[in-house]
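Each remark here refers to the structure printed beneath this line.
The values are calculated or read from the model by the stated rules, or taken from the named source; none is laboratory data. For clarity, every value in this text was computed on a predicted model and none was experimentally measured. Heads up, the Cβs are rebuilt from the backbone with ideal geometry, glycines too, and the neighbour counts pull from every protein chain shown. These accessible areas exclude ligands, DNA and RNA; they are computed on the full protein's heavy atoms, side chains included. Shrake-Rupley method; radii C 1.70, N 1.55, O 1.52, S 1.80 Å.
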Amino acid sequence: MTADYDLVVLGGTIEGRKAARQAASYGARIALVEPPGLFLLNQRRRYLLQALQQVTRGHQAQAVSRWFAARSVDRSIDKSIDRAIDGHAGWNWGTFLEWGAIATETQNPELSVAAMSAGGIDVVLEMPEQLSQKSIVTTRSRRIKARAVLAAFGLSPDVFKPLLTATQLPKTVMVWGGGVRSLLWAEALAQIGATVTLQTAVVLPGWDEGVRGLVRSQLTQSGVTVLDPADVNLAGVSSAGANLANANSDRAECTLFFGTEQPALTLPRFAYRQSHRRRNGQSSAPFLSVNRKLQVGKSRLFAWGPIVEGHRDIVVTDCDISTVVQNALFLPTRQLRLNQLVKAGGRFAMAGLTQAQAVHRYGDRVRVWQANRSNGADLSRVTPLPSYCQLVCVGRRLVGVHLVGDRAADCILVLSTYLNQPIAKLCNALPPASTQTLLSLVHTAASQYRQTQWKTGRWKRDWSENWFNWRRSR
């Protein structure tokens with residue numbers, strides 16, 4: 001079969017457009033097929049969350065600065081600031097939505113439809129209607145033959161419609177789900193003045209217990225009410241828990257169902273043959289299973305991002321995009337360690353194995369090094385938030401990094417490159433430049449390994465003492 005394209009990207013996310021651009025840079029012929037408006041909705045959601053977080057941080061710092069500044073002569077200014085910082089009525093929700101729409105249109109111009117088309121990518125803004133096992137994508141007006149297909153359409157943005165269509169900031173919000181996105185939105189809306197209830201059995205399932213406990217306490221501190229996991233039983237939700245949840249849902253002006261998120265598109269049955277599992281007689285959600293080459297079974301269908309089963313919270317890095325694109329275009333020889341991917345949510349992040357996973361796999365060879373800081377000297381917030389770092393090692397080899405603190409999501413991308421390497425290499429690469437940065441906390445935790453090597457009874461200490469005794473005796 002003669003293919004029209006080397007690769008068809010089923011997009012709708014920023015990762016999908018980046019993958020298409022990178023594939024085109026190799027000289028391949030690329031088609032990007034996107035449902036109309038899906039990319040813009042995802043971008044609006046992204047920038048709306050960014051706006052809430054940035055404005056909250058700015059007003060937190062503004063509240064601190066008022067402690068040290070002389071009182072304003074015009075008390076009306078102080079009162080307006082008080083209302084904006086402390087109250088629900090001080091925010092103009094329409095301005096948040098307008099700013100998000102403007103940012104969506106103006107940011108990342110290299111990923112616009114015009115720029116993609118100018119770069120030689122055939123952009124088809126139509127809903128994919130069919131996908132065959134022979135990599136033929138059919139839309140309303142096109143039948144596109146390709147050598148490979150990359151699914152990078154992400155999750156449906158429908159969960160955000162109550163926020164994007166609201167005329168004012170909802171006073172009460174119910175958030176369902178304990179994943180990264182659920183927590184980020186719950187915290188942002190609570191800090192902006194909404195009364196937020198988070199309904200979840202587990203906060204950050206699959207994460208390290210120390211991170212989960214600290215994040216849960218910080219959510220409570222920010223004003224989020226977390227419903228007790230005891231309200232959920234094996235049969236679903238107990239009668240008491242159901243009454244409480246239904247009552248809160250009825251009272252809430254806005255409900256965000258992150259716990260039931262679905263992929264933005266549904267692919268043909270052949271793509272799910274290895275993905276579908278039957279639970280209680282019903283099929284599971286249509287998420288895809290991939291191998292370490294990010295390949296769905298043995299087909300020429302590749303997939304990456306939150307549509308992959310069990311990876312809704314992953315951060316898709318440029319390295320991940322490069323891996324899946326090269327496997328789709330050339331021979332699929334590049335592999336990822338799926339159990340060591342990066343997960344991040346602003347102030348909390350992880351890469352690699354948790355302590356429990358490492359102990360289950362390696363037993364008593366596991367060593368854990370921790371460091372924390374209260375951040376009591378932080379003047380950027382009214383109530384400083386503590387920082388935390390945990391490094392999980394097998395012998396001298398680093399297998400897991402877990403962070404809570406400012407810029408954790410940025411730091412983890414650097415630290416993840418040291419996984420499966422000696423922890424001493426990480427310690428040497430991160431000099432303690434500043435005692436207030438999260439990286440300095442990582443350096444403190446990593447230095448504990450080096451210090452233990454010189455404890456009394458360890459071979460290095462015994463060897464060095466014998467050396468000094470011998471030298472003094474000469």
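Summary of computed values
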quantity: For T333, solvent-accessible area (1.4 Å; no DNA, RNA or ligand), Å²; calculated: 100
quantity: Simple label model, 7 Å out from Cα along Cβ direction - D158 to K145, nm; calculated: 3.5
quantity: The stretch 385-428, relative contact order in percent, only Cα pairs under 8 angstrom and at least six apart counted; calculated: 37
quantity: log₁₀ of I(q)/I(0) at q = 0.16, 0.25 Å⁻¹ - the stretch 316-398, Debye sum with one point per alpha carbon; calculated: -0.83, -1.15
quantity: Net length gained if the chain between R450 and F270 were fully extended (0.36 nm per residue, minus Cα distance); calculated: 59.6 nm
quantity: Cross-link table K18/K425; K134/K293; K298/K343; K18/K145, entries beyond 24 Å C-alpha to C-alpha; calculated: K18/K425; K298/K343
